[in-house]
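Here is the structure we will look at.
The values are calculated or read from the model by the stated rules, or taken from the named source; none is laboratory data. Note that the structure is a prediction, hence the values are computed from the model and not measured. Quick reminder, even Gly has a Cβ in these numbers, built from the backbone with ideal geometry, and neighbours come from all protein chains shown.
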Amino acid sequence: MSRLAEMNRRHLQTDIAATPFFTGMSDLHLKMLSYWACRTHFNDRQVIFRQGETANRFYLIEAGRVELSAAGITGQREVVLDTIGPEDSVGWSWLFEPYECQFTARASTEVQAIFFYGTVLRYYCEKDLSLGFELFKRMGKAMIKRLQSARRSALEAQSTHRHFSPVGGEHAMYSVR
């Protein structure tokens, strides 16, 4: 590795270590993460990944905002479920079979992010279970945050649309008033 590349790698490792997402990880794990990471940029409205695509990466947002949306049925309109910003992560599906993106992620502003090769990390997570556990704990927090946001969205939709049922259409007559 060239001297400049090594300096850039150390700078990236320092930036990764400074994020709340990776707080408390060992120096060895941070070094491994920085080895399979690089900085990236997305323009406003640029799609980062689409629902249904193969999940093979994740991003740590450094600056900007990203909308997460989903569509239930092919051709159905996408609904924005969450907006995330700096120090948040997006793209955790690389860690779980069937390794398929559950949402569409789209930059809602210019975005600066750190890109991680999820498929490579998954391989090393299987070899180093402590790395896998540390990443799983952090991704778990992100998933809980997304589920809570989706729950809030469903409850807001329920209060806005009197005949909406989060359980299913068969329960529409029991809507909250």
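For the stretch 144-160, check the following and say yes or no: at least one residue is modelled with pLDDT of 80 or more and either part of a strand (DSSP E or B) or within 19 Å of E62 (Cα to Cα) (or both).
There is at least one residue in the stretch 144-160 that is modelled with pLDDT of 80 or more and either part of a strand (DSSP E or B) or within 19 Å of E62 (Cα to Cα) (or both).
Of all strands (runs of 3 or more DSSP E) completely enclosed by the stretch 1-119, which ones contain at least 2 residues that are more than 15 Å from the chain's Cα centre (by Cα)?
Working: elements: 37-42, 47-49, 57-63, 66-70, 79-84, 104-107, 111-117.
By residue number, 37-42.
Based on what the data block shows, is N43 over 20 Å from R151 (Cβ atoms), of a type in the set (S, T, N, Q), touching a helix residue (DSSP H, G or I) at 6+ places or on another chain (Cβ under 8 Å) and in contact (Cβ under 8 Å) with a residue 24 or more places away in the chain?
Details: over 20 Å from R151 (Cβ atoms): yes; of a type in the set (S, T, N, Q): yes; touching a helix residue (DSSP H, G or I) at 6+ places or on another chain (Cβ under 8 Å): no; in contact (Cβ under 8 Å) with a residue 24 or more places away in the chain: yes.
Spelling it out, it is not the case that N43 is over 20 Å from R151 (Cβ atoms), of a type in the set (S, T, N, Q), touching a helix residue (DSSP H, G or I) at 6+ places or on another chain (Cβ under 8 Å) and in contact (Cβ under 8 Å) with a residue 24 or more places away in the chain.
Do we have any residue at all in the stretch 29-48 that's touching a Phe, Trp or Tyr at 6+ places or on another chain (Cβ under 8 Å) and within 18 Å of M143 (Cβ to Cβ)?
So far as the stretch 29-48 goes, yes, one or more of its residues are touching a Phe, Trp or Tyr at 6+ places or on another chain (Cβ under 8 Å) and within 18 Å of M143 (Cβ to Cβ).
Would you say A55 is closer than 21 Å to F136 by Cα, at pLDDT 90 or above and either buried (at least 19 other Cβ atoms within 10 Å of the Cβ) or of a type outside the set (V, I, T) (or both)?
On the way: closer than 21 Å to F136 by Cα: yes; at pLDDT 90 or above: yes; either buried (at least 19 other Cβ atoms within 10 Å of the Cβ) or of a type outside the set (V, I, T) (or both): yes.
Criteria met by A55.
Looking at V66 and the list (1) at positive phi; (2) buried (at least 18 other Cβ atoms within 10 Å of the Cβ), which single condition is not satisfied?
It is condition (1) that V66 fails.
Taking the stated definitions as given, is Q112 in contact with a strand residue (DSSP E or B) (Cβ under 9 Å, 6 or more places away or on another chain), of a type outside the set (A, V, I, L, M, F, W, C) and over 17 Å from L95 (Cα atoms)? Working first, answer last.
On the way: in contact with a strand residue (DSSP E or B) (Cβ under 9 Å, 6 or more places away or on another chain): yes; of a type outside the set (A, V, I, L, M, F, W, C): yes; over 17 Å from L95 (Cα atoms): yes.
Yes: the conditions hold for Q112.
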